[in-house]
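Structure record follows, encoded as structure tokens.
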There are 6 protein chains.
Amino acid sequence: MRKDGRKPNELRPIKIERDYLKYAEGSVLVEFGNTKVICAVSVQDGVPPFLKGKGQGWITAEYSMLPRAGQTRNIRESVAGRIGGRTHEIQRMIGRAMRTALDLTKVGERTFWVDCDVLQADGGTRTASITGAFVALADAVIKLYNEGILNSTPIKDFVAAVSVGIVGDEVLLDLNFEEDSSAKVDMNVVATGQGMISEIQAMGEENTFTKEQFDKMFALAMGGIKQLVELQRSFFEIKGGIWFRKDIKQARLE
Amino acid sequence: MRKDGRKPNELRPIKIERDYLKYAEGSVLVEFGNTKVICAVSVQDGVPPFLKGKGQGWITAEYSMLPRAGQTRNIRESVAGRIGGRTHEIQRMIGRAMRTALDLTKVGERTFWVDCDVLQADGGTRTASITGAFVALADAVIKLYNEGILNSTPIKDFVAAVSVGIVGDEVLLDLNFEEDSSAKVDMNVVATGQGMISEIQAMGEENTFTKEQFDKMFALAMGGIKQLVELQRSFFEIKGGIWFRKDIKQARLE
Amino acid sequence: MRKDGRKPNELRPIKIERDYLKYAEGSVLVEFGNTKVICAVSVQDGVPPFLKGKGQGWITAEYSMLPRAGQTRNIRESVAGRIGGRTHEIQRMIGRAMRTALDLTKVGERTFWVDCDVLQADGGTRTASITGAFVALADAVIKLYNEGILNSTPIKDFVAAVSVGIVGDEVLLDLNFEEDSSAKVDMNVVATGQGMISEIQAMGEENTFTKEQFDKMFALAMGGIKQLVELQRSFFEIKGGIWFRKDIKQARLE
Amino acid sequence: MRKDGRKPNELRPIKIERDYLKYAEGSVLVEFGNTKVICAVSVQDGVPPFLKGKGQGWITAEYSMLPRAGQTRNIRESVAGRIGGRTHEIQRMIGRAMRTALDLTKVGERTFWVDCDVLQADGGTRTASITGAFVALADAVIKLYNEGILNSTPIKDFVAAVSVGIVGDEVLLDLNFEEDSSAKVDMNVVATGQGMISEIQAMGEENTFTKEQFDKMFALAMGGIKQLVELQRSFFEIKGGIWFRKDIKQARLE
Amino acid sequence: MRKDGRKPNELRPIKIERDYLKYAEGSVLVEFGNTKVICAVSVQDGVPPFLKGKGQGWITAEYSMLPRAGQTRNIRESVAGRIGGRTHEIQRMIGRAMRTALDLTKVGERTFWVDCDVLQADGGTRTASITGAFVALADAVIKLYNEGILNSTPIKDFVAAVSVGIVGDEVLLDLNFEEDSSAKVDMNVVATGQGMISEIQAMGEENTFTKEQFDKMFALAMGGIKQLVELQRSFFEIKGGIWFRKDIKQARLE
Amino acid sequence: MRKDGRKPNELRPIKIERDYLKYAEGSVLVEFGNTKVICAVSVQDGVPPFLKGKGQGWITAEYSMLPRAGQTRNIRESVAGRIGGRTHEIQRMIGRAMRTALDLTKVGERTFWVDCDVLQADGGTRTASITGAFVALADAVIKLYNEGILNSTPIKDFVAAVSVGIVGDEVLLDLNFEEDSSAKVDMNVVATGQGMISEIQAMGEENTFTKEQFDKMFALAMGGIKQLVELQRSFFEIKGGIWFRKDIKQARLE
């Protein structure tokens, strides 16, 4: 039994609230326990220079935390004048995950900006970001389709992410901040609705681990992702290869 | 009648949700119509160098907007690498307003960080920030008192703010974004529970105005602030000069 | 009687020296007592992106202080690598004041850069900047007219500014640094030759004030601005709606 | 057969040249085929603020590429004024790997700066950096021991890294730039001399992969790391738990 | 005969106005023809870290140009967010020249900030800066002596600087902007009252020159410096090794 | 006799290794004793804005040191977020020297980037950079000629540089770090194969020197440059005004 009463393979209460922002093409408030993230997708014409003229689109993700998202106040990166390494690492991961989800060759020369802003941080902010951002991204794509800007909804599959780690001798799913701080090994997995792996990051800061431990963690993660995908799935209906919004404002896993 | 059905002297629906963040010493989500701002107050030991050793406290405010708070996406100031002039102007105004509210000589060498982060922007973000931040600040002070860190709650008075402007020929209270964009004159007033003025900023970007127009705008603003203070007041009980939290989670003006 | 012998409603000795710089389209050295500011106006073809193709002009102001303008040396903002909040606040105010003075729809797609550089600072640098910059701006406009680049001199009116404040119990005009430092309330007013208000900024850092006090300060400010406009007026002759330079190198108010 | 004649499970020619720099406490030039990296370890007294007073040491890694390391010239990050996301990602990975290698509780309040500067880039710069940096780090530790500054050589184990990927349908070890550019899946593994995993990063930018593919890649990587550790081992002799330098200037794997 | 009527070996009209700023420990406005520079010296307790505890002082120079000092407007370095190469080069040269003038071992752990701000630029801004800054520095030292902070005036000698160049086939002294722009070779010399050389910078951007040409330029420069030193000398009286201010407000060379 | 056994007029062992980098259009590793610099020349289409449309080329040099090039570790300029004054000074000098060597009117609108990265620093890094960069630049020009991009090799002359200084009472050639640190006067000379001067920088940080001392230093420097040019010459063959590569991989002066 974990401090918060969960079993080792149990996710925290998960909640996704759709259309959280009024203006964004897609947006959600996603909660993994006390971790709360706003994911907003903005669509702009044009692509970065390295893609110009290739007729395909692009997805860029940015990640930030409110200064008082956590237990102590952090200095704003705008005040520091530079974006830190951790932020870079996370937003690059979110971007890769989203680019797995969408067929960029079918969205024209458009950029999807995925902004993940952490209101409250209690571990797993990057996995919550990816899981929520997928719903916002799909909503934005559907909006473009509904407005006739796209003639299909080129979403390749659901994409969700979860953390897993070794705390003491136990392999635990979806670590909160306290568990994460004392974990010997920390792993994030991004995978699709069909159970294909998009990304694995496993690291044992000052510790090491075996392939057996890795496999155990991996299995737990895939189980969690399966549930997260089910939650995502409740927002959509797919007919004839086209994605549609179900009339659902929020969904929970408890 | 205004486009959104309000009378000239009518505020938008106002809502303050208390304890919006789990970790901050005080926090609210404040809404002025579609404008939504998280105000979080963090208390840290120590003061800026220019106050060291003087035995008094300090309040610093920071203001930011999520990139997709508005109708189009804005580049993050952390990415730009610098804080813009408008941000500086607003956060300095919030800081002054909060320093009006608190007797800094009675809080010890402590800094209150007031973070106002705009989730959604539809005009009046700075006045919503000030109005919400006061509640978060008072909650933080009460928390310090309850924990025995302070032996009083040295809040001098309520402080709230509202915008007013001249649109066409009419003087309107609490402008939304559309009204603000077409206003000839734009004015922000910060005042206290007892009707004392803390700050006035009135400007006619490319236009000018008379003292009579100023007086009319001022009167409207003071009427709006009075209502905002009543809303703030519903969160607190003051007995023997000490402020206490009433057991209220949120309050609305509609 | 004030420390420097002035009456409450008395300006400091004011001096404007025209054509202070050789190359700028318009330039003055303006002095409000010991406060000395160089105001230089540079005209460039083109406007910022948000105005491109609209056929109108723009005015941008920048403000800076020499490191040893004041009683102690300040670090240069170029060395700090960023422009501070106070600088932003002031240069935005100067820009707004100048945009009140000029009909931007009649100057073509041109940008007027207004550079206010404080050589010496003894209070009132922003009001001296505005008062001096107007003369430099009008000179630049007249130069464009004389060169046949403009076919009118679309100056709408004189614009000048002055500070006023409450020190002890007295309302004083045109505060010097010492007075400003001990003022309970500090107010800056920008107004036109015809007595129309362009901007009011009144603030009581840690103090508050009443409408009656405001009105008293306002009246004093308008009296000061009237004198400053007379000084500005001595540089120009207006015939048939066209502004001309009078052959005057400098003017004083004493 | 690969374009450069290697078998799928074959490393490129590897070379480590010891003491490449005269002043650093430890330094190597490491080559993985055409990829060439200088790894320099500098020892400084003191630790970052978050560790002060805890009696332990720290390792920080920095990574950079010469502007003309690759096929086209890149702008220097010093000129850009900021460190990019890829650089942050890589140097954080090198730092974690090195912190796995050393028992930081036994080196006193000292910081080991690990600088990896890529002279020439042909794929695998981060894995070459880690593999080379370990030798430089161990040399620095031995130097401190020889000078009596440390009374042991608290190196926990060898640490090396290699890349592996799926190109076309084949799983290949130690990708060069051309292979890396066309890889569907890209994976980096960091492991120890005893075959313990320190870190895994596997990602399928726009592609996905199965657990079976992962396992195949992993096995190939561990085979490569085993050889790299053998190469590292040739520089050292371990007697009674203490590491000593063998009198070897360079070693190769061909 | 030169365009402005000077002979090849003739300086422009030179003017130094003392005590140009009210607050600085020493300050002048120096003019070399149309080039005008404010030189201000500020004295602060303390020295940079690399000198701490050595009991000696330091001199740091900073150089800047007002945006409209020249024929076209330049972007401010504070807006650019970084100091350019030319600025660095010039301010380092001014610093070295000033450190030649003062015996830093006899001023205690104090820093002399030498700020050279160019109001108007018509060639020779660095040489005017050095020539003017010396007078401001000596005034600051005398002020410290008069206040009993120093018990001597440890000025080693006068220091002045002048430019010289080859334009067409002629060697010219003290180039103005137009001459400088067409010079084949450009040289700056810093020397002392006793004719000792402090610094020479001679460069032939895309051209080269002979030792004979160098010697001719050098001789011309030394002649100019001799006159500049005489001008500087008129401000001071040296008795018993101690420097005193003569009661002179300004001096000219015409 | 000097500490390292050299005579006053003796260069350190000099070595130039050609084609040190695989991708650059020209590159060398140049060594002046323990000072080691990689010089890489990259050719890009296009020129800076101020040259656009003039039909000529440009050369820009950048200089940097690895953090552990010297006896203690220096912070990276990319981490500091800005390029220091010394770096600016040196890279501007390298750029001027290279622009002396090439007839920019005959290379089309192309930019030659000259990157000098110091691997190890023991005095004379700027003179080693210039001496090595010339060979890399000439190789790049020859490459463009061989590829038919240029129809001549518009190299005007060899360009090399050396330092000289006064240590104690002696004039010494090619100072190493230790000598440089104790030098009273420090001078760098850049000159051509035909003995024409390109640049002289002589400075006596806190010391001064006479014309006689200057002449003595100058003569020594020109003797050193003559030898350096001979070394450079061994890499090339000039026939009919066209430069060709000799089949030489490295050359030494010992």
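Some observations on this one:
- Test: residue in segment E:32-42 that is away from chain C (no Cβ under 12 Å), under 21 Å from E:Q232 (Cα atoms), surrounded by 22 or more Cβ atoms within 10 Å (Cβ to Cβ) and touching a residue at least 40 places away in the same chain (Cβ under 8 Å): yes
- Filter pass, A:I59 being within 14 Å of chain D (Cβ to nearest Cβ) and either over 30 Å from C:A80 (Cβ atoms) or within 16 Å of the chain's Cα centre (by Cα) (or both): yes
- Conditions (1) over 19 Å from the mean Cα position of the chain (by Cα); (2) surrounded by fewer than 18 Cβ atoms within 10 Å (Cβ to Cβ); (3) within 11 Å of another protein chain (Cβ to nearest Cβ): number failed by E:K184: (3)
- Restricting segment B:179-235 to residues that are at pLDDT below 95 and of a type in the set (S, T, N, Q), the residue that is farthest from B:R18 (Cα to Cα) is B:N207.
- Identity of the residue in segment A:115-136, more than 18 Å from B:I38 (Cβ to Cβ), out of contact with any Cys (no Cβ under 7 Å at 6 or more places or on another chain) and of a type in the set (A, V, I, L, M), that ends up surrounded by the fewest Cβ atoms within 10 Å (Cβ to Cβ): A:V135
- In the set B:G81, B:G124, B:G95, only one residue is within 14 Å of chain C (Cβ to nearest Cβ), under 15 Å from the mean Cα position of the chain (by Cα) and not hydroxyl-bearing (S, T, Y); that residue is B:G95.
- When the criteria are applied in full, F:Q71 fails the requirement of being more than 10 Å from every other protein chain (Cβ to nearest Cβ), of a type in the set (S, T, N, Q) and surrounded by fewer than 20 Cβ atoms within 10 Å (Cβ to Cβ).
- Taking (1) crowded, with 22+ Cβ neighbours inside 10 Å; (2) within 13 Å of another protein chain (Cβ to nearest Cβ) in turn, E:E212 satisfies each apart from (1).
- Annotation: of all residues in segment A:119-138 being among the hydrophobic types (A, V, I, L, M, F, W, C) and assigned to a helix (DSSP H, G or I), the one that is farthest from B:Q71 (Cα to Cα) is A:A128.
- The number of residues in segment C:192-209 being facing chain B (nearest Cβ under 7 Å) and touching a strand residue (DSSP E or B) at 6+ places or on another chain (Cβ under 6 Å) comes to 11.
- Restricting attention to segment E:199-217, the residues that are in a strand (DSSP E or B) and among the aromatic types (F, W, Y) total 1.
- Verdict on D:G70 being under 25 Å from A:E205 (Cβ atoms) and of a type in the set (G, A, S): no
Residue by residue, here is whether (1) more than 20 Å from D:T210 (Cα to Cα); (2) hydrophobic (A, V, I, L, M, F, W, C); (3) in contact (Cβ under 8 Å) with a residue 40 or more places away in the chain holds:
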{"site": "A:A140", "(1), (2), (3)": "yes, yes, yes"}
{"site": "A:Y145", "(1), (2), (3)": "yes, no, yes"}
{"site": "A:K156", "(1), (2), (3)": "no, no, yes"}
{"site": "A:I166", "(1), (2), (3)": "yes, yes, yes"}
{"site": "A:F177", "(1), (2), (3)": "yes, yes, yes"}
{"site": "A:A191", "(1), (2), (3)": "no, yes, no"}
{"site": "A:G195", "(1), (2), (3)": "no, no, no"}
{"site": "A:F209", "(1), (2), (3)": "yes, yes, yes"}
{"site": "A:M222", "(1), (2), (3)": "no, yes, no"}
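- The residues of segment B:218-254 that are part of a helix (DSSP H, G or I) and touching a Leu at 6+ places or on another chain (Cβ under 9 Å), listed by number, are B:L220, B:A221, B:G223, B:G224, B:Q227, B:L228, B:E230, B:L231.
- For segment A:139-198, the strands (runs of 3 or more DSSP E) that sit wholly inside it and include 2 or more residues that are within 26 Å of A:T100 (Cα to Cα) and touching an Asp or Glu at 6+ places or on another chain (Cβ under 6 Å) are A:159-167, A:183-192.
- Flag if F:V185 is more than 20 Å from F:A133 (Cβ to Cβ), β-branched (V, I, T) and touching a strand residue (DSSP E or B) at 6+ places or on another chain (Cβ under 7 Å): yes
- Against the numbered list (1) in contact with a helix residue (DSSP H, G or I) (Cβ under 7 Å, 6 or more places away or on another chain); (2) within 13 Å of another protein chain (Cβ to nearest Cβ); (3) more than 20 Å from A:E25 (Cβ to Cβ), A:V159 comes up short only at (3).
- When residues of segment B:98-121 are limited to those that are more than 13 Å from chain C (Cβ to nearest Cβ) and among the acidic types (D, E), the one nearest to B:K54 (Cα to Cα): B:E109
The values are calculated or read from the model by the stated rules, or taken from the named source; none is laboratory data. This is a predicted model, so every value here is computed, not measured. FYI the Cβ positions are ideal-geometry reconstructions off the backbone, even for glycines, and counts take in every protein chain you see.
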